[in-house]
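What follows is calculated from the coordinates using simple rules that are stated; it is not laboratory data. Keep in mind that this is a model prediction, so the values were computed, not measured. In this analysis, Cβ positions are derived from the backbone assuming ideal geometry, glycine residues included, and neighbour counts consider all displayed protein chains.
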Amino acid sequence: MEQKTAIKTKKIFFLIIFFTNFIFSQTKNYYTIEKNGKKYPKIVRHISLDKGEKIIHNSNTIIFNIDHQIFKYNKNIHKADTCSNFKIKKIKAITVSQLTTDEYNEHLNRSKENGRKIPVPFNHYNCRVFILEKLSTEKNIIYEVDWIYSIR
């Protein structure tokens, strides 16, 4: 009898963990400008690794240095996906300078929409960034990354 109760408790515990992760994973695609303010979807941008470097920090972490910007992939937090050249051709990759411009313009537009002049924060909060790495002529990897900081 005690064993059945323990199994039921484990099932309930894992269901709670699953739904909690599901709920919080949905909110990471949104941002707010003010505390308890309106939620906006993050802009999604893709950057090619062609002119950057990839540093494998450990088995879970990869650091990308592209045009003096640092991006971090953590296997425990982010997703990586392999895809074909056909899928990559449909994705529009931008430069890091364009990413910076897009981030700034997004902040300005949302600030004006709220009727306030909110200074640009130091962290990169309103973008979802993906790094495109070409492995071979047929195979590519797309890494979801955090935009850590600038080295300029």
Exercise. Put one equal scatterer on each alpha carbon of segment 41-104, apply the Debye formula with no solvent term, and list log10 I(q)/I(0) at q = 0.14, 0.21, 0.27 1/Å to two decimals.
Key: -0.49, -1.09, -1.32
Quiz item: What spacing in nm lies between the two simple spin-label points modelled at HIS78 and ILE43, each 7 Å away from Cα in the Cβ direction?
Solution: 1.9
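If neighbour count is taken as other Cβ atoms inside 10 Å, put VAL145, VAL44, VAL96 in order from fewest to most. All intermediate terms of the calculation are to be shown ahead of the outcome.
On the way: VAL145 23, VAL44 12, VAL96 20.
Ascending Cβ contact count within 10 Å gives the list VAL44, VAL96, VAL145.
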Quiz item: For the charge dipole of segment 33-150, defined by +1 on Lys and Arg C-beta atoms and -1 on Asp and Glu C-beta atoms about the Cα centroid, which residue among GLY52, ASN105, ILE66 has the Cα displaced farthest towards the positive pole?
Solution: ASN105
Quiz item: Could you state the number of Å between the C-alpha centres of segment 52-77 and segment 94-111?
Solution: 22
Quiz prompt | Fully extended contour minus Cα-Cα distance, from ASN105 to LYS139, at 0.36 nm per residue | solution = 8.9 nm
Quiz item: Of HIS57, HIS78, how do they rank once you tally other Cβ atoms within 10 Å and put the fewest first?
Solution: HIS57, HIS78
